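The values are calculated or read from the model by the stated rules, or taken from the named source; none is laboratory data. Everything numeric here is computed off the predicted structure, so don't read it as measured data. Cβ placement follows ideal geometry from the backbone for every residue including glycine, while neighbour counts extend to all protein chains displayed.
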There are 2 protein chains.
Amino acid sequence: MGTIIKELTKVEDAKRLFLNAIDPNTAIAIEMIALIDCPGRVLASSITSTRDVPHYRRAAMDGYAVQSSDTIGASVTNPVMLGVSEDAEQGTCTRVHTGSNIPDNADAVVMIEDTTQIGDMVEIRTQVHPNKHVGCVGEDMQEGELIFESGHLLRPCDAAVMASLGLSEINVYKKPVVAVIPTGDEVVPRTTTQIPPPGKVLETNGLMAGLYVEKWGGKARYCDIVPDMPELIENAIRSNLDADMIILCGGTSVGERDHVPAVVDSLGEILVHGVGLSPGKPTALGIIGNVPVVCMPGYPVAGLVALFAFARPALRKVGNIPDIPDTIIRARMGGKINSKEGYLTYARVVLDGDIAHPLMTSGSGVLSSVAKANGFVIIPENVEGYEEGQGVDVVLIE
Amino acid sequence: MGTIIKELTKVEDAKRLFLNAIDPNTAIAIEMIALIDCPGRVLASSITSTRDVPHYRRAAMDGYAVQSSDTIGASVTNPVMLGVSEDAEQGTCTRVHTGSNIPDNADAVVMIEDTTQIGDMVEIRTQVHPNKHVGCVGEDMQEGELIFESGHLLRPCDAAVMASLGLSEINVYKKPVVAVIPTGDEVVPRTTTQIPPPGKVLETNGLMAGLYVEKWGGKARYCDIVPDMPELIENAIRSNLDADMIILCGGTSVGERDHVPAVVDSLGEILVHGVGLSPGKPTALGIIGNVPVVCMPGYPVAGLVALFAFARPALRKVGNIPDIPDTIIRARMGGKINSKEGYLTYARVVLDGDIAHPLMTSGSGVLSSVAKANGFVIIPENVEGYEEGQGVDVVLIE
């Protein structure tokens, strides 16, 4: 089998073709989860406040709740003396603490620093206007107010907001299930602790892909390794078409053992095979029914770059997960890096303070280069690399 | 009880005092975990390669493995004809695929594109030098090579590197346990779905603190709400001194119900009470034995800022977790923001593209302002705010 890469698609075009093929109306299912599990999840319905927060007039300061009209003219030199009561009736005041309920009769709070209790009476040394140091009902959130829109990516502070509304469970989108299918005659399971025989390598790409899926908000389904045989690849894909997305690892190039893109094309459609991405050129992107399929190259660094460039945005679209900006560090190149024109190049760098040292190894089979790297300097297609000392954005590999 | 805030400590000084009080020799315990659980964890021992990766000479291309001396002078116009064998003995070549083992006799690979099989023979149309298209033993990692240092924060791609070394379990630091103790007579558990009576509020700060602890790599221990009584606060702290850190929520100000800093001081030492942080001024920081204690203000936004400013760096120091840079978005102010001189001010903003709109509400009790905000613009102590149109860094609230 094996298709031939005739022309490379620009990364930007490949991504657009791929994302446009994902039907936004194929809604991901919804589940109800406990509030405590919400960080990192995406709201599947908007949250409207069903109550006022605060639900009572609260003191914003420690002090005495008063009727403001009782304090008219009060000053240090001319204090007003008020009695003490539980309900701040006229001519009296009521001790309150920050957050306390303010008696109905009161409309202001005098700070404790501006008062002195003398026997049964309290000396008030300042005049307060209505609502002074009073937190109004609904000051934080009003009943009926829209608090979060559907699609909001939830943070710990949002959990606190929802808790203050009395919510204990919320509707979120289910995590998209991504079937990760490693392929290759040479690939053997990681269960063995022995060094495999020559010509065989331990499965690592599927593990890496699955762990990134989980990090990016999906749920990985780790599948068995499939040999380089079209009918077995087809069976593996068919039995995972219930997933929300499929990632195939390896078998994407143009050799006689590279069947993956052709099999995907026979079951659905290959949209792109061969992208102007370095490393990552043999990446193929397709769709089978509503299931997007990323065919990542078997060379691990190329596979990693394909995951970042294509699997991540596709996962987010499938799972209704908002785009999260990369962590970018502004740095200066500590040495020259080259790139090939026509390729969007992910150069691995080691950050030392604000100096980005290029990693000299360029082999896309050398996974340890990623272990040593902090980040990528992404070089556009029409740029031929960067000189030592040049300012660059480093995208952290997280 | 209640102490008095005499002078505000600068945030930077408060942080230094607090972090310096945490003994780096109080090592956090180590545990062994499965490789698949490693992302986000911190290596507790260095990883040295126990094998060469690859462990055999592998073909870097599809083609024929040859003895390079057999190809001398070969060209399109003057090809060399070689027989086919399993072991690439002199005068023959062996079919290989990318990743295949290369026979001992061979020292190079001719790409498939430069060959044609004709009957039993293969036409070789290019001369190759020794090691051409051959991945050497140990090209990726060599036996005995240091791959990761202890203290490395593990990423999914690192899991793949370790998997390729045959590792299935690794030593990491245990997640630091952080006891989160909500305090306050007015605070009631979230278990109720009823609106609490006036003067009572649902517990939210402990939930928020605990969820941030988990996000930042710790393990939250959610404790019961403690009323504003010194002996009960003391009991709650004492029964959590086995934790790696304690966060107390509320009771940090100077009112007659604010006992938390004094109790911490009686059990250990309060290092800082009152910081030049807005919101977050009543924050107190202390240490009891080896256990750092963050007393976060009860006003939720002030509490949130205290978590970011102090609890996060302390948690990282306690857990040997490397510092992770914040996600920063460069933006322009969409309106004026003011700040008070002498305070490091965390102004909440809503990002709309690259415009940062200030949230007008300044109340530190208004948690919904955080729900609406994407990020903080952090205004230094000696700056009096920013004008509309001014360029700012927005730290995403994640």
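For this structure, a couple of remarks:
- Matching residues, the range A:208-238, being of a type in the set (Val, Ile, Thr) and touching a residue at least 60 places away in the same chain (Cβ under 8 Å): A:Val213
- Any chance B:Pro297 is in the same structural domain as B:Arg16 (by TED's automatic domain parsing), in contact (Cβ under 8 Å) with a residue 40 or more places away in the chain and in contact with a Leu (Cβ under 7 Å, 6 or more places away or on another chain): no
- Looking across the range B:133-149, the residues that are touching an Asp or Glu at 6+ places or on another chain (Cβ under 8 Å) and either aromatic (Phe, Trp, Tyr) or not in a loop (DSSP other than H, G, I, E, B) (or both) come down to B:Val134, B:Met141, B:Phe148.
- Exclusive hit being more than 18 Å from A:Met296 (Cα to Cα) and crowded, with 21+ Cβ neighbours inside 10 Å, set A:Val226, A:Val137, A:Val161: A:Val161
- Residue in the range B:180-198 that is in contact with a Ser or Thr (Cβ under 8 Å, 6 or more places away or on another chain), crowded, with 22+ Cβ neighbours inside 10 Å and at pLDDT 95 or above present: no
- Qualifying residue in the range A:169-178 (condition: acidic (Asp, Glu) and more than 9 Å from every other protein chain (Cβ to nearest Cβ)): yes
- Some residue of the range A:142-155 being within 18 Å of A:Val291 (Cβ to Cβ) and either buried (at least 24 other Cβ atoms within 10 Å of the Cβ) or at pLDDT 95 or above (or both): no
- Residue count for the range B:260-279, restricted to those that are under 29 Å from B:Glu341 (Cα atoms) and either hydroxyl-bearing (Ser, Thr, Tyr) or modelled with pLDDT under 95 (or both): 2
- For the range A:249-296, a residue qualifies if it is charged (D, E, K, R) and either surrounded by fewer than 24 Cβ atoms within 10 Å (Cβ to Cβ) or more than 20 Å from A:Glu231 (Cβ to Cβ) (or both), and the qualifying residues are A:Glu256, A:Arg257, A:Asp265, A:Glu269, A:Lys281.
- The set of residues from the range A:53-78 being part of a loop (DSSP other than H, G, I, E, B) and within 9 Å of another protein chain (Cβ to nearest Cβ) comprises A:Pro54, A:His55, A:Tyr56, A:Arg57, A:Ala60, A:Met61, A:Asp62.
- Filter result for A:Ser75 (within 54 Å of the chain's Cα centre (by Cα), outside the structural domain of A:Phe148 (by TED's automatic domain parsing) and surrounded by fewer than 22 Cβ atoms within 10 Å (Cβ to Cβ)): no
- Matching residues, the range B:79-132, being part of a loop (DSSP other than H, G, I, E, B) and touching a Gly at 6+ places or on another chain (Cβ under 7 Å): B:Gly91, B:His97, B:Thr98, B:Ser100, B:Asp120, B:Gln127
- Hey, A:Ile118 assigned by TED's automatic domain parsing to the domain that holds A:Glu234, among the β-branched types (Val, Ile, Thr), without any contact (Cβ under 8 Å) to a residue 60 or more places away in the chain and over 30 Å from B:Met360 (Cβ atoms) or not: no
- Criterion applied to A:Ile237, A:Ile246 was being aliphatic (A, V, I, L, M), in a strand (DSSP E or B) and more than 14 Å from every other protein chain (Cβ to nearest Cβ), and the one residue passing it is A:Ile246.
- Strands (runs of 3 or more DSSP E) (entirely within the range A:263-381) containing at least 2 residues that are within 26 Å of A:Thr9 (Cα to Cα): A:269-273, A:284-288, A:291-296, A:344-352, A:375-379
Here's the yes/no breakdown for (1) touching a Leu at 6+ places or on another chain (Cβ under 9 Å); (2) without any contact (Cβ under 8 Å) to a residue 12 or more places away in the chain; (3) more than 30 Å from A:Asn25 (Cβ to Cβ); (4) crowded, with 22+ Cβ neighbours inside 10 Å:
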residue: A:Ala306; (1), (2), (3), (4): yes, no, no, yes
residue: A:Ile329; (1), (2), (3), (4): yes, no, yes, no
residue: A:Arg332; (1), (2), (3), (4): no, no, yes, no
residue: A:Ala347; (1), (2), (3), (4): yes, no, yes, yes
residue: A:Asp352; (1), (2), (3), (4): no, no, yes, no
residue: A:Ile355; (1), (2), (3), (4): no, no, yes, no
residue: A:Ala373; (1), (2), (3), (4): yes, no, yes, yes
residue: A:Val383; (1), (2), (3), (4): no, no, yes, no
residue: A:Val395; (1), (2), (3), (4): no, no, yes, no
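- Hey, A:Gly184 more than 30 Å from the chain's Cα centre (by Cα), more than 7 Å from chain B (Cβ to nearest Cβ), on the phi > 0 side of the Ramachandran plot and in contact (Cβ under 8 Å) with a residue 24 or more places away in the chain or not: yes
- Selection of the range B:193-231 for residues being assigned to a helix (DSSP H, G or I), more than 7 Å from chain A (Cβ to nearest Cβ) and farther than 21 Å from A:Pro54 by Cα yields B:Gly210, B:Val213, B:Glu214, B:Pro230, B:Glu231.
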